[in-house]
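A short worksheet on the structure shown next.
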Amino acid sequence: GMGIVASHYAAPSEVGIILLHQLNLDRHSYDEFVGLLKEYNTISIDFRGHGESDGDWKEFSDDNFIAMQRDVAAAKNALRESGSSKFVIIGASIGANSAINFGAKEDDVIGVGALSPGLVYRGIRSEHLVSEYTGNLLIVVSDEDQYSYESSQHLFEASSAVKELKVYQNAGHGTNMFENTDLKVYLVQWVRKVVG
């Protein structure tokens, strides 16, 4: 029953990319990054309670945040309807946790890029499902972002995926890491490696 607003950058590709933002931001966090993904069928959503989508996250219970999984499913369905059959999800912070958990339950998610994940954000726990995801997992974090840094180490150790941990220094949290690092280019290179 939630209206979800998205930007769909359509491309004739079997690879669909889903971009998930962090708390209190919106799909426009990825506007500059999306320009590097032109060969892929890409969608960037406003989670429920954020941006132009229905609801107000400040009034959400943990269950409302956990229900963001449905927003990811809707994004995947939109990409599938436009021709994609395998998927890469890149999420930041709470979006990273959502990406890990969604990927763990979907066999056609071949890559999960988790920017500044946490063991738990707003009730969305990642530790119990990260071990079930067996695709390609990239965890990116900055060393001064203490909670996420410690969570990332823990998640990396618990993962049984084809995994990589990238640590930046003093780069901030989530998509804020785009600003002073090579993360945008690094992510594109990782996507190309995953897609093969």
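The values are calculated or read from the model by the stated rules, or taken from the named source; none is laboratory data. The structure displayed is predicted, hence computed values, not measured ones. Please note: Cβ atoms are built from the backbone with ideal geometry, for glycine as well, and neighbour counts cover all protein chains shown. Side chains are part of the model used for accessible areas, which takes the heavy atoms of the whole protein and leaves out ligands, DNA and RNA. Shrake-Rupley method; radii C 1.70, N 1.55, O 1.52, S 1.80 Å.
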Give me the number: length gained by fully extending residue 147 to residue 8, i.e. 0.36 nm times residue separation minus the C-alpha to C-alpha distance, one decimal in nm.
46.8 nm
Mean Cβ neighbour count within 10 Å, used as a protection proxy, ranking 100-111, 52-63 highest first
100-111, 52-63
Put a dot 7 Å past each Cα toward the Cβ at residue 182 and residue 52; how far apart are the dots in nm?
3.5
Please report, as a whole percent, how much of the solvent-accessible surface of the chain comes from carbon and sulfur atoms (probe radius 1.4 Å).
45
Just the Kirkwood number for region 18-81, please: inverse of mean 1/r across all distinct Cα pairs, in Å, one decimal.
12.4
Given pairs 58/105; 58/166; 76/163; 38/58 and cut-off 26 Å on Cα-Cα distance, the over-length ones are 58/105; 58/166; 38/58
Less than 14 Å from a label point 7 Å out along the Cα-to-Cβ axis of residue 170: which backbone N atoms in region 141-155 qualify, by residue?
143-145
